[in-house]
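Okay, structure first, notes after.
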Amino acid sequence: MSRQVFLYDPPERFVAGTVGLPGRRTFFLQASSGGRTTSVALEKAQVEALAERVDELLDEVVRRSGGNAPVPAVAPTEIEDVEPLQAPIEEEFRVGTMALAWDGEGERMIIEAQALVELEAESEEDLAEAEERLLQDDENGPPMLRVRLTGTMARAFAKRALQVVNAGRPPCPLCSLPLDPEGHVCPRQNGYRRGE
């Protein structure tokens with residue numbers, strides 16, 4: 001069966017968002033353009049890592065170009081997207097592997113999110129070989145979301161993604177674990193329940 005690639009070049013909208021209450025949220029990347037929408041699920045840590053790496057890669061592009069790349073230093077407020085995810089949210093797949101690249105010729109950031117795949121191997125060598133095959137752009141690989149963004153769109157994506165990640169439960173001031181509305185058992189308080 002051939003690989004299904006959800007390509008948005010460029011998308012009208014590419015955002016990270018959530019469904020559910022803090023502490024029980026499901027995170028999504030959602031791309032939309034021309035009346036079609038693709039939503040893929042991923043972990044909070046993946047959203048955070050992706051947003052941080054997008055910003056780092058854009059900073060590096062600006063540095064290497066001597067400031068001549070069409071990449072703003074910060075996300076412009078006029079394109080800030082605070083709207084919720086587009087409904088209905090139908091998960092195409094759960095993300096396993098992500099990749100970032102900068103296309104210098106087209107001056108676009110490329111973000112790829114590939115479906116989670118379980119690898120079976122009898123040895124470390126077999127596992128390494130299976131992982132290498134998985135990372136190749138094989139026509140029979142797992143489903144993939146591929147998005148090409150301008151520098152401005154990528155900055156706006158990263159800003160919103162970090163805001164979404166940080167909009168969850170506040171951290172405990174002592175142990176930094178998330179506080180539930182009813183408090184939590186703080187390891188720094190020797191197991192006593194701590195409220196906000």
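Sorted by packing (mean other beta-carbon atoms within 10 Å per residue), highest first, where do 20-26, 41-47 land? Please list the in-between numbers first.
Numbers: 20-26: 12.1, 41-47: 17.0.
Ranked by mean Cβ neighbours within 10 Å, highest first: 41-47, 20-26.
Tell me which label goes with the value of semi-axes √(5λ) of the Cα gyration tensor in Å computed from the coordinates here: [x] 30, 24, 18; [y] 30, 18, 15; [z] 27, 21, 15.
[x]
Just the accessible area per residue of the chain, please: how many Å² with a 1.4 Å probe?
Using a 1.4 Å probe on heavy atoms only, each residue of the chain averages 60 Å².
Would you mind computing, in nm to one decimal, how far apart the modelled labels at residue 19 and residue 180 are, each placed 7 Å from Cα along Cα→Cβ?
2.4
Keeping all protein chains in place and using 1.4 angstrom, which order do 117, 82, 54 fall into by accessible surface area, from largest down?
I get 82, 117, 54, largest accessible area first.
Could you give the dipole magnitude of the chain about its Cα centre, charging the beta-carbon of Lys and Arg +1 and that of Asp and Glu -1, in debye to the nearest 20?
1160
Add +1 for every Lys or Arg and -1 for every Asp or Glu among the other residues with Cβ under 11 Å from the Cβ of residue 155, and state the total.
Result for the neighbourhood of residue 155: -1.
For segment 1-115, which whole-number percentage of the solvent-accessible area (1.4 Å probe, protein heavy atoms only) is attributable to carbon and sulfur atoms?
48
With the chain treated as a Gaussian network of Cα nodes joined by springs under 10 Å, which of 77, 18, 97 yields the largest mean-square fluctuation?
With Cα springs under 10 Å in the chain, the top fluctuation among 77, 18, 97 is at 77.
With a cap of 13 neighbouring Cβ atoms within 10 Å, and only residues DSSP puts in a loop, list the GluC sites (Glu not before Pro) found in segment 51-125. It would help to have the intermediate numbers written out before the result.
Details: sites: 52, 56, 60, 78, 80, 90, 91, 92, 105, 107, 112, 118, 120, 122, 124, 125; in loops: 80, 90, 105, 107, 118, 120, 122.
Within segment 51-125, the qualifying GluC sites (Glu not before Pro) (loop, at most 13 other Cβ atoms within 10 Å) are 80, 90, 105, 118, 120, 122.
If each DSSP helix of 4+ residues adds -39,500 (n - 2.57) and the sum is divided by the residues in the chain, what number results at 222 nm, nearest 500 deg cm²/dmol?
-8500 deg cm²/dmol
The values are calculated or read from the model by the stated rules, or taken from the named source; none is laboratory data. This is a predicted model, so every value here is computed, not measured. All Cβ positions, even for glycine, are placed from backbone atoms using ideal geometry, and neighbour counts span all protein chains on display. Side chains are part of the model used for accessible areas, which takes the heavy atoms of the whole protein and leaves out ligands, DNA and RNA. Shrake-Rupley method; radii C 1.70, N 1.55, O 1.52, S 1.80 Å.
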